[in-house]
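To start, the structure under review is shown below, and the notes come after it.
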Ligand code: C2R
């Protein structure tokens with residue numbers, strides 16, 4: 001037992017994600033007691049191998065129309081940059097109400113952790129998807145109307161109590177993806193680290209801009 005505890009401390013192998021863009025991420029952690037340090041010291045029967053396999057959750061990116069995609073693509077790009085698996089679909093609470101409801105109802109059991117819902121005009125999509133699931137839904141109002149997206153913003157954000165939609169800015173696709181990543185990162189250390197790195201890089205960028213500005217101000 002003492003041998004096993006001692007060796008367990010030294011033999012812990014974590015395998016990195018596999019698959020393109022992390023489409024299927026497999027994290028295997030092997031605890032192989034006595035494999036290296038205690039090889040030969042204890043009976044092979046004592047070797048206790050535990051394999052933990054966790055598939056990372058997917059993000060569903062649903063948009064009301066393919067005309068939203070030029071904006072929504074920025075969210076998809078960002079999710080891919082984080083290595084987050086995602087599915088992207090056109091579905092509408094107005095035009096395909098049954099498909100939208102069914103997708104949302106089965107989203108959790110189909111491996112999704114967050115839904116991003118992008119829609120313009122009378123944007124009921126996010127609210128309807130949120131009504132059919134307990135997964136967090138991020139609303140992305142799209143500027144696709146004569147009202148410059150204000151209609152979509154209000155329709156998305158003004159949800160009645162009980163059915164929240166976490167709404168980002170009009171056309172705020174990147175923030176929708178970052179928020180989705182932050183939600184998933186609560187249970188994913190590797191993803192949390194990527195978000196930390198992103199913030200560090202962002203801060204560094206601001207410091208550089210400030211230094212450049214100081215130089216310009218001094219030259220005035
Ligand atoms: P079209 O370009 O297809 O006419 O769509 C879409 O998101 C799009 O911005 C115009 C706009 O209608 C929006 N739409 C919704 C919903 N379905 C489509 N707001 C919905 O279910 O909420």
Quick calc: nm separation of the 7 Å Cα→Cβ label points for residue 80 and residue 208 -> 2.4 nm
How far, in nm, would the chain grow between residue 95 and residue 198 when pulled straight, counting 0.36 nm per residue and subtracting the alpha carbon separation?
33.3 nm
Shape call, segment 75-207: gyration tensor on alpha carbons, a/c limit 1.5:
oblate
Set the Förster radius R0 to 41 Å, insert the Cβ-Cβ distance between residue 190 and residue 216 as r into 1/(1 + (r/R0)^6), and round the FRET efficiency to 0.05.
0.55
Using mean Cβ contacts within 10 Å as the protection proxy, how do 122-133, 189-200, 161-172 order, highest first?
122-133, 161-172, 189-200
Order these by the 10 Å Cβ neighbour count, fewest first: 90, 206.
206, 90
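We did not get these values from a lab; they are worked out from the coordinates using the rules stated. These figures come from a predicted structure and were not determined experimentally. Note that we place each Cβ from the backbone using ideal geometry, even for glycine, and neighbour counts take in every protein chain shown.
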